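First the structure, in the form of structure tokens, and then the observations on it.
The values are calculated or read from the model by the stated rules, or taken from the named source; none is laboratory data. The structure displayed is predicted, hence computed values, not measured ones. FYI the Cβ positions are ideal-geometry reconstructions off the backbone, even for glycines, and counts take in every protein chain you see. Surface areas here come from the heavy atoms of the whole protein model, side chains and all, with no ligands, DNA or RNA. Shrake-Rupley method; radii C 1.70, N 1.55, O 1.52, S 1.80 Å.
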Amino acid sequence: MTDFILNNEQTLRMSAFLVVLTVMAIWEVASPKRRIDIPRLLRWTNNLALVVLDSLVVRVAFPLLAVGVAVIAQENGWGLLNLFDFPSWLAVLAAILLLDLAIFGQHIAFHMVPALWRLHRMHHSDQEFDVTTGLRFHPIEIMLSMAIKMAVVLTIGAPPVAVLIFEVILSATSLFNHSNVRLPKTVDRLVRLVLVTPDMHRVHHSVHPDETNSNYGFSVPWWDRLFGTYIAQPRDGHLDMKIGINAFRERSDLRIDKMLVQPLRNPLRKQSGE
């Protein structure tokens, strides 16, 4: 089974991505949480074009991705988990949790370090909140994130299967928790015990800086609760809260050309969340 998973890495990752993206897009149309005022054609075409560009950039910059790095680490006995004779299931579980914690820490850094925030704010400047928001990241941020992830994989000696499982989970949960879907309050309260829900993550996309700097988790909600960055609900309510960054409210800011040069814009101006 392990060999099958690793030999079909790209197919499994792409299949999971397309299935989750399709399911969440249909769910958004069938049961939306918030009214969407900006035409989907404008936002979706540019956000989806951006994820295609990101994928191409990563492929060129990193011919060997995180799973390949994990294979090399395993073959050479590099990394913390390879120093001990852990049961396979425990090593996989520990690696997934450590990788998720690393991404949580990286997310905080991209908010707190001004130069990194100028890259990451492109993600937050989306003026609506739906499944394609989870795809909206600057190519330079994607490359930095991949470099950090590969360094973490080497440091902890993550098993290749664990890295692949983590990549699939991270992609799927990002699409889920950015979706404009309605969950009953009781269901949301139960789900967010183990997964970051759309209502929980939507708070993170508020224009209010204290809310922007909260709920950093993508997969599990435990890190925010543990480190005191958890906010349960937005002060303005989910239906009335303002999404995005006040400095980037023009429709033209949603175009891919404007997104790509956004880190260079208004370098001396304080932005929401900065």
Subject >> Positions within segment 33-48 being open to solvent by 40 Å² or more (accessible area, probe 1.4 Å) and either small (Gly, Ala, Ser) or under 21 Å from the mean Cα position of the chain (by Cα) (or both), in sequence order >> reply: Arg40, Trp44, Thr45, Leu48
**OP:** Inspect segment 104-123 for any residue being surrounded by 21 or more Cβ atoms within 10 Å (Cβ to Cβ), farther than 19 Å from Arg249 by Cβ, within 13 Å of the chain's Cα centre (by Cα) and aliphatic (A, V, I, L, M) and give the result as yes or no.
**Re:** no
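For Ser31, state whether it is more than 18 Å from Val168 (Cβ to Cβ) and either at pLDDT below 95 or out of contact with any helix residue (DSSP H, G or I) (no Cβ under 9 Å at 6 or more places or on another chain) (or both).
On the way: more than 18 Å from Val168 (Cβ to Cβ): yes; either at pLDDT below 95 or out of contact with any helix residue (DSSP H, G or I) (no Cβ under 9 Å at 6 or more places or on another chain) (or both): yes.
When the stated conditions are applied, Ser31 passes them.
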Original post:
Quick one: would you say Ala109 is free of Cβ contacts under 8 Å to residues at least 12 places away in the same chain, among the hydrophobic types (A, V, I, L, M, F, W, C) and under 27 Å from Ser206 (Cβ atoms)?
Top reply: yes
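Quickly run through segment 230-245 and pick out the residues that are surrounded by 13 or more Cβ atoms within 10 Å (Cβ to Cβ) and in a loop (DSSP other than H, G, I, E, B). Break it down stepwise before answering.
If we filter segment 230-245 for residues that are surrounded by 13 or more Cβ atoms within 10 Å (Cβ to Cβ), which is where we start, we get 230-231, 233-234, 236, 238, 241-245.
Within segment 230-245, Tyr230, Ile231, Gln233, Pro234, Asp236, His238, Met241, Lys242, Gly244, Ile245 meet the criteria.
Quick check on Thr155: is it farther than 24 Å from Ser179 by Cβ and at pLDDT 95 or above? Steps first, answer last, please.
Values: farther than 24 Å from Ser179 by Cβ: yes; at pLDDT 95 or above: yes.
For Thr155, the condition - farther than 24 Å from Ser179 by Cβ and at pLDDT 95 or above - is met.
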Original post:
Across segment 138-171, what is the number of residues that are of a type in the set (Ser, Thr, Tyr) and either open to solvent by less than 10 Å² (accessible area, probe 1.4 Å) or closer than 20 Å to Val113 by Cα (or both)?
Top reply: 1
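Has segment 257-270 got at least one residue that is in a loop (DSSP other than H, G, I, E, B) and at pLDDT 95 or above? Please lay out each step first, then the result.
Quick first cut of segment 257-270, residues in a loop (DSSP other than H, G, I, E, B) only: 265-270.
Subsequent filtering for residues that are at pLDDT 95 or above retains none.
No, the conditions are met nowhere in segment 257-270.
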